[in-house]
Amino acid sequence: MQSFPHKSLLIFFTAMGIVLGGSLIGSLAAVVTGNPPLLTARKLAEEMKLWAVVAALGGTFSSIEVLGSGFFTGQIRPLIKQLLFIIAGLAGAESAKYLVFSLTPPP
């Protein structure tokens, strides 16, 4: 079993990589189709945040199951750990979005 800091960092950087990679590949597709690549990268970075978090957590069902069992059985520790994992994923996705927005000009 992975330690809490190890899994948190893994989730953070996975979410960050999904947003950065998706924006980069999506902007290459925009070049091929004749659309503005920098505007497309910004749009994709904004739209992919939630999906990056879901993918970094490994799917939504296990997260919802842990949250539900924490609420209904009174187990606070797994509930807090899962919420911190979600926050780590959101932080990674938001960091990547900020990086893409910093590297591309505003529309």
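The values are calculated or read from the model by the stated rules, or taken from the named source; none is laboratory data. Model, not experiment: these values are computed from the prediction. As a convention, Cβ positions derive from the backbone with ideal geometry for all residues, glycine included, and neighbour counts pool all protein chains shown.
Among the residues of segment 65-97, those that are more than 15 Å from the chain's Cα centre (by Cα) and of a type in the set (Ser, Thr, Tyr) comprise SER69, THR73.
For ALA52, the conditions (1) touching a helix residue (DSSP H, G or I) at 6+ places or on another chain (Cβ under 9 Å); (2) exposed (fewer than 12 other Cβ atoms within 10 Å of the Cβ) are fulfilled apart from (2). Looking across segment 1-27 at every residue that is of a type in the set (Ser, Thr, Tyr) and assigned to a helix (DSSP H, G or I), the one that is nearest to ALA55 (Cα to Cα) is identified as THR14. Against the definition (closer than 29 Å to PRO106 by Cα, touching a Lys or Arg at 6+ places or on another chain (Cβ under 7 Å) and among the aliphatic types (A, V, I, L, M)), how does ALA30 come out, yes or no? In short, no.
Scanning segment 4-23 for residues that are under 15 Å from the mean Cα position of the chain (by Cα) and either more than 24 Å from ILE86 (Cα to Cα) or exposed (fewer than 15 other Cβ atoms within 10 Å of the Cβ) (or both) returns LEU9, GLY21.
Here's the yes/no breakdown for (1) polar (S, T, N, Q); (2) modelled with pLDDT under 90; (3) farther than 21 Å from ILE11 by Cα; (4) buried (at least 16 other Cβ atoms within 10 Å of the Cβ):
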position	(1), (2), (3), (4)
SER27	yes, no, yes, yes
PRO37	no, no, yes, yes
ARG42	no, no, yes, yes
ALA56	no, yes, no, yes
ILE64	no, yes, no, no
PHE71	no, yes, yes, no
LEU79	no, yes, no, yes
ALA91	no, no, no, yes
LYS97	no, no, no, yes
